[in-house]
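**Student:** Dropping the structure in here first, questions after.
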Amino acid sequence: MAKNKDLLAVGHTALDYIIKVEDFPKANFSAPITDMKTFNGGAAANVAIIGATLGLNTALVSAVGGDFKDSSYYKKMKNLNIDTDSLIIIPGEATPTAFVMTNDNDDQISYFYWGAAKEFAKSKVPKKAIGSVEAVHLATGDPDFNWKCSKQAKDEDLLISFDPGQDLGMYSNEKLKDVLENTTILFGNHYEIERICDNLEVDIQGLREIGPDIVVKTCGANGSEIYSNDDKIAIDAIKTTAIDPTGAGDSFRAGFLTRFINGESILESAKFASTVSSFIVEEQGCQTKAPSFDEAYERMTEFYKN
């Protein structure tokens, strides 16, 4: 089958409600909301949209509500020429929704409504979508569906990246190993990578022996570490005015894959990834300040010139 797309992102498309309160209420009490904004989100959609903004030809497999195609979010995807033909549309159900509440102490409480995404468990592998791309990125979503997609992608000899993110706790050790065995690149923050190693009782090298050729560990303001071929590459984070870290990880993955799929080295891909995420944290929302390729490349060149 002809490969007419670069990257397929599999997992959640969601709406993010970012809510600020002075204090969290006790049970059976209420508290006033001081600020509330709604943003486009969902880890798979973030990767598809940031990737498209950077110039990749992307496709998306998500389970969304019956009215999603009437939304401005869907129109944004179509304006970016993202292939949405394999969206799983569930009439009568809502698109997944995240509610993130932050108090004056910067403590957070989050709730996530799966809604239409519960349908992943019953859905067939999107063979046509997988067969039309060079690489597949597995984001937050149903573990069994992600495993099935990873198996299909491996059968077609594709590059497979995997980021279980906050859904890591949904994976049994057996299912986690099943997906990792099919994975080319594992992405995670420092907490997630350490938790995976602890759960599977391995170190980074042992983790790579299970499957991933490359393990990418992001460390927030401390940059990132990439492990491959017994080497460790450390990348400094770009110092910027951080307003909201939400979406920084997804944009890092999109930036890394944008360069790596197109033949760049791990080092150059990681520098570009770090640069892309530096834009995202400068405004609220996972996609609000998505840079163009030229904007990201210019900042990267300036920061990493030495």
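**Student:** Hey, got a sec? Which trypsin sites (Lys or Arg not before Pro) in segment 214-302 land in a DSSP loop and have at most 10 other Cβ atoms within 10 Å?
**Tutor:** Listed in order of number, the matching sites are Lys239.
**Student:** Over all distinct alpha-carbon pairs, what is the Kirkwood Rh of segment 80-151 in angstrom?
**Tutor:** Here the Kirkwood hydrodynamic radius works out to 14.6 Å.
**Student:** Looking at [x] 16.3; [y] 25.9; [z] 15.1, which value of mean projected area of the Cα convex hull in nm² comes from a calculation on the structure shown?
**Tutor:** Step by step, mean projected area of the Cα convex hull in nm² for this structure corresponds to label [x].
**Student:** Follow-up question, since we're still on this one. Take Glu295, Glu264 and sort them by solvent-accessible surface of the protein heavy atoms, 1.4 Å probe, largest at the top.
**Tutor:** Listed by decreasing accessible area, they come as Glu295, Glu264.
**Student:** Here's another thing I want to ask about it. Can you list which of the trypsin sites (Lys or Arg not before Pro) found in segment 1-37 are DSSP loop residues with at most 12 other C-beta atoms within 10 Å?
**Tutor:** Sites meeting the loop and neighbour criteria: Lys26.
**Student:** Still on this structure: Can you give the helix-only mean residue ellipticity at 222 nm for the chain, where every DSSP H stretch with n ≥ 4 adds -39500 (n - 2.57) and the sum goes over all residues, rounded to the nearest 500 deg cm²/dmol?
**Tutor:** Helices in the chain give a 222 nm mean residue ellipticity of -10000 deg cm²/dmol.
**Student:** Whole Å is fine, so just give me how far the alpha carbon centre of segment 179-223 lies from that of segment 247-280.
**Tutor:** When both Cα centres are located, 17 Å separates them.
**Student:** How high is the relative contact order of segment 14-88, in percent, with contacts defined as C-alpha pairs under 8 Å that are six or more residues apart?
**Tutor:** Reported as a whole number, the value is 26 percent.
**Student:** Give the percent of DSSP beta bridges with both residues in the chain that are antiparallel, rounded to the nearest 5.
**Tutor:** 45 percent
**Student:** Net charge near Ala139: determine it from the other residues with C-beta under 9 Å of the C-beta of Ala139, scoring Lys and Arg +1 and Asp and Glu -1.
**Tutor:** With Lys, Arg at +1 and Asp, Glu at -1, the net is -2.
**Student:** Once you sort the root eigenvalues of the Cα gyration tensor of segment 93-208 as a ≥ b ≥ c, which label holds: rounded (a/c under 1.5), prolate (a/b larger than b/c) or oblate (the other case)?
**Tutor:** The shape class here is oblate.
**Student:** Ok, one more. So what is the relative contact order of the chain, in percent, for Cα pairs below 8 Å that sit 6 or more residues apart?
**Tutor:** Averaging sequence separation for qualifying contacts and normalising by length gives 17 percent for the chain.
**Student:** Would segment 49-105 count as rounded, prolate or oblate if I go by the C-alpha gyration tensor, calling it rounded below 1.5 in a/c and otherwise prolate when a/b exceeds b/c, oblate otherwise?
**Tutor:** Oblate shape, in that a/c is at least 1.5 and b/c is the bigger or equal ratio.
**Student:** Between Asp157 and Ile233, what is the label-point separation in nm under the 7 Å Cα-to-beta-carbon projection?
**Tutor:** Taking the simple label geometry, Ile233 and Asp157 are separated by 2.4 nm.
**Student:** Now for a different question. Compute the length gained on full extension between Asp67 and Ala221: take 0.36 nm times their separation in residues and subtract their Cα-Cα distance, giving the result in nm to one decimal.
**Tutor:** Net length gain for the segment: 51.6 nm.
**Student:** At 20 angstrom or more along the helix axis (alpha-carbon based) and mean Kyte-Doolittle of 0.0 or higher, what helices does the chain contain? Whole DSSP H runs only.
**Tutor:** Those that clear 20 Å and a mean of 0.0 are 266-280.
**Student:** Please identify the GluC sites (Glu not before Pro) of segment 190-222 that satisfy two criteria: DSSP loop assignment and at most 10 other Cβ atoms within 10 Å. Which are they?
**Tutor:** Filter output for segment 190-222: Glu201.
**Student:** Over segment 1-158, what portion of Cα pair distances is larger than 26 Å, expressed as a whole percent?
**Tutor:** 33 percent
**Student:** Please quote Rg/Rh for segment 148-306 to two decimal places, taking the Kirkwood radius as Rh and restricting both calculations to Cα atoms.
**Tutor:** 0.97
The values are calculated or read from the model by the stated rules, or taken from the named source; none is laboratory data. None of the values given here were measured: they were computed from a predicted structure. Heads up, the Cβs are rebuilt from the backbone with ideal geometry, glycines too, and the neighbour counts pull from every protein chain shown. Each accessible area value is taken on the protein alone, full model and side chains, heavy atoms only, with ligands, DNA and RNA left out. Shrake-Rupley method; radii C 1.70, N 1.55, O 1.52, S 1.80 Å.
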